[in-house]
Amino acid sequence: MVDEPPAIELRGLARYFGERAALRGVSVRVPAGATLAVLGRNGAGKSTLLRILATLLRPHDGEALVFGEALPRRGFAVRGRLGLLAHEPLLYRELTGRENLEYHARLHRVGPARVQQVLEAVEMERRAEEPIRLLSRGMVQRLAVCRAVLHDPQLLLLDEPRANLDPAASGLVEPLIGRQSGCTRVLTSHDPRAALAEADLVLALRDGRAAFVGPPAEIDQAKLDALYA
Amino acid sequence: MRTALILLRKDLRLELRTLETVPAMILFALVTFVIFHFGLNRSTIDGQLAAGVLTATLLFAAMLGINRLFVAEREQGGFDAFLLAPVDRSSMLVAKAAALFVFLAALEVIAVPAFGLLLLGPSLGPALPGLILVLALADLGLAVIGTLVSGIAVQTRARDLIGPVIGLPLLIPALIATARAAGPLLRSVHAPAAPPGKWLAILALYDLVFALLAYAVFDFLLEE
């Protein structure tokens, strides 16, 4: 019997910004369909890790494999299979929500019907003709979710995915970016309890190093307190 | 090419929506003509002086567009969104250069007739076909080099300074060739119908060399 390759495999991953190490010796293996919660204080390296997985940053040491493809060399092979929901919505402020999504749909060779489908899923179809700059942060975040899932990615990289969302909006995006999506997910959150509730696996980062890797059941309050101390 | 057209369409739509770049370039050019008018203390100019004034004004107006070319990508996450798509990265070079070429053409549609009215002694009409050819080649060079320089500058904190500091020296040969090619066309007497072939060839060669150079290095500029 052949083991199914993991969706993500990191071996001794390191990334530096000048002299400062944002990530050092990070290793983790995420099976396909699983959710990895990345925890840590501000500046621990969570967003850097997500940007490396999104092929937006080069690792300086170690190996990063996504769907068995080595990054960054084989980045082109995975780009269309991942969706990134970052701190910034990656939407043009002067374009409407629909124009933004249609632009991304064309880049990903997705038909216009999918744009309408995701807009309806987050109940933004009635505000889709307004420029992004006129929308509230929560609405922009809903459109950012649409952008991230427009091309039906298999891997979702979610940096604070529910930021600015009220409970109702959070419920709306759940089928798209939650466990129900069926995607492999890597998510960061400043709310460790919420992240642990969604996770199959936890990577806790402290100063760029992996302080804990394991199932959420094994991370107790003392470990969490130490992580955020 | 398909991706480049998608990006170009988006850039033109953004410019039409905001009107941030082209109107500023036009206004700059018109004000500069007025300054030259009074600064030279001459009601009309012709020949090589006219070509120099026109070329230098268009070049400096172009710097405004070059400086703003990637601002939306940097400030609104356009780079990341583009890099996440499974597309050829060089298409951004083609799209941005094409957008800048369109901006320059729009600038010249207003600025060249205004130059004819405000400063130029001889009638613009006979020189226009040759001038369009010269300016098209100059715009191509400006668009390619401007995109390359803007791509470098936008990655730095001092992008407003880096653009002119790197861009203007690189554009000096294009400025010389454009002015020399346009000069004879703007003479009051014995103006030829066509610009000198030597300077057109230099401009074309310059465009080609920088287009190849930009194509070779542009992918690396997009990496963080």
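Read phi for every residue in the range A:169-183 and hand back ³J(HN,Hα) as whole Hz from Karplus 6.51 cos²θ - 1.76 cosθ + 1.60, θ = phi - 60°, with x for Gly and Pro.
5, 4, x, 5, 7, 3, x, 8, 10, x, 4, 4, 5, x, 7
Relative contact order for chain A: what is it in percent, counting Cα pairs under 8 Å that are at least 6 residues apart?
Details: 448 pairs, mean separation 63.0, N = 229.
Once normalised by length, the contact order is 28 percent.
Where is the GNM fluctuation largest for chain B (alpha-carbon springs, 10 angstrom cutoff): B:LEU185, B:LEU212, B:LEU119?
Looking only at B:LEU185, B:LEU212, B:LEU119, the largest GNM fluctuation is found for B:LEU212.
Over chain B, calculate the relative contact order: mean separation of alpha carbon pairs under 8 Å at least 6 apart, over the residue count, as a percent.
Numbers: 264 pairs, mean separation 65.4, N = 224.
Computed value for chain B: 29 percent relative contact order.
Name the lysines eligible as straight-distance cross-link partners of B:LYS10: C-alpha to C-alpha under 28 Å, and not fewer than 8 places from it in the same chain.
Partners within reach: B:LYS96.
Hey, in the GNM for chain A with a 10 angstrom Cα cutoff, which one of A:LEU156, A:LEU203, A:LEU172 fluctuates hardest?
Looking only at A:LEU156, A:LEU203, A:LEU172, the largest GNM fluctuation is found for A:LEU172.
Could you give me the percent of Cα pairs per 5 Å distance bin for the range B:81-122, shortest bin first, beginning at zero and ending with the bin that holds the maximum distance?
So the P(r) values, bin by bin, are 6, 19, 15, 14, 11, 10, 8, 7, 5, 4, 2.
According to a simple spin-label model (label point 7 Å from Cα along Cα-to-Cβ), what is the distance in nm between A:ALA163 and B:ARG2?
3.4 nm
When only Cα pairs under 8 Å and 6 or more residues apart are kept, what is the percent relative contact order across the range A:104-229?
Numbers: 122 pairs, mean separation 23.0, N = 126.
Across the range A:104-229, relative contact order equals 18 percent.
To the nearest 10 degrees, how steep is helix A:112-121 against the longest Cα principal axis of chain A, on a 0 to 90 scale?
80 degrees
Sort B:THR18, B:THR178 so that the residue with the fewest other Cβ atoms within 10 Å of its own Cβ comes first and the one with the most comes last. Please report the intermediate quantities before stating the final value.
Values: B:THR18 15, B:THR178 31.
Neighbour counts put them in this order, fewest first: B:THR18, B:THR178.
So how far, in whole Å, is the C-alpha centre of the range A:142-197 from the one of the range A:43-73?
20 Å
How far apart, in nanometres, would the label points at A:GLU123 and B:LYS198 be if each is projected 7 angstrom from Cα along the Cα-to-Cβ direction?
Output for this residue pair reads 7.4 nm.
Once both axes come from the Cα atoms, what is the angle between helix B:22-39 and the longest principal axis of chain B, in degrees from 0 to 90, rounded to 10?
That helix lies at roughly 30 degrees to the long axis.
In whole angstrom, how far apart do the alpha carbon centroids of the range B:93-117 and the range B:20-54 sit?
Between the Cα centres of the range B:93-117 and the range B:20-54 lies a distance of 15 Å.
Give the calculated FRET efficiency between B:ILE110 and B:ARG13 to the nearest 0.05, with a Förster radius of 22 Å applied to their Cβ-Cβ distance. All intermediate terms of the calculation are to be shown ahead of the outcome.
Details: r = 21 Å, r/R0 = 0.95.
For B:ILE110 and B:ARG13, the calculated efficiency is 0.60.
Would you mind getting me the FRET efficiency between A:ALA211 and A:GLU19? Use the beta-carbon distance for r and R0 = 22 Å, nearest 0.05.
On the way: r = 22 Å, r/R0 = 0.98.
Calculated value: 0.55.
If the range A:124-176 were replaced by its equivalent ellipsoid, with semi-axes equal to the square roots of 5 times the Cα gyration tensor eigenvalues, what would those be, largest first, whole Å?
Values: eigenvalues 67, 36, 21 Å².
Semi-axes from the Cα gyration tensor: 18, 13, 10 Å.
Scan chain B and hand back the longest stretch that contains none of the trypsin sites (Lys or Arg not before Pro) lying in DSSP loops with at most 15 other Cβ atoms within 10 Å. Each step should come with its number before you reach the end.
On the way: sites that count: B:ARG42, B:ARG157.
No qualifying site falls inside B:43-156, the longest such stretch.
May I ask you to compute the full-extension gain from A:ASP61 to A:SER27, defined as 0.36 nm times their residue separation minus their alpha-carbon distance, rounded to one decimal in nm? Mind dumping the intermediate values first?
Working: separation 34, 0.36 × 34 = 12.24 nm, distance 1.16 nm.
Extra length available between A:ASP61 and A:SER27 comes to 11.1 nm.
At B:ARG157 and A:ASP200, where each label point lies 7 Å from the Cα along Cα→Cβ, what is the point-to-point distance in nanometres?
Result: 4.3 nm between the two label points.
Quickly estimate the mean residue ellipticity at 222 nm for the protein assembly as shown, helices only: each DSSP H run with n ≥ 4 gives -39500 (n - 2.57), and the total goes over all residues, rounded to 500.
Numbers: 17 runs with 244 residues, N = 453.
That comes out to -17500 deg cm²/dmol.
Could you state the angle between the C-alpha long axis of helix A:137-149 and the longest principal axis of the C-alpha atoms of chain A, as a value from 0 to 90 degrees rounded to the nearest 10?
For helix A:137-149, the angle is close to 80 degrees.
By count of other Cβ within 10 Å, fewest leading, how are A:LEU143, B:LEU64 ordered? The partial results should precede the final answer.
Details: A:LEU143 25, B:LEU64 20.
Fewest-to-most Cβ neighbours within 10 Å comes out as B:LEU64, A:LEU143.
Rounded, prolate or oblate: which fits the range A:80-229 when a ≥ b ≥ c are the square roots of the eigenvalues of the alpha-carbon gyration tensor, with rounded for a/c under 1.5 and prolate only if a/b beats b/c?
Values: a/c = 2.35, a/b = 2.00, b/c = 1.17.
Verdict is prolate for the range A:80-229.
Which residue fluctuates most in the GNM of chain A (Cα springs below 10 Å): A:ALA113, A:ALA77, A:ALA21?
Maximum fluctuation in the GNM of chain A, among the listed residues, is at A:ALA113.
Throughout, read-outs are computed from the coordinates displayed, never taken from laboratory work. Given the structure is predicted, the values throughout are model-derived calculations rather than measurements. Glycine also receives a Cβ, built like all others from the backbone with ideal geometry; neighbour counts cover every protein chain displayed.
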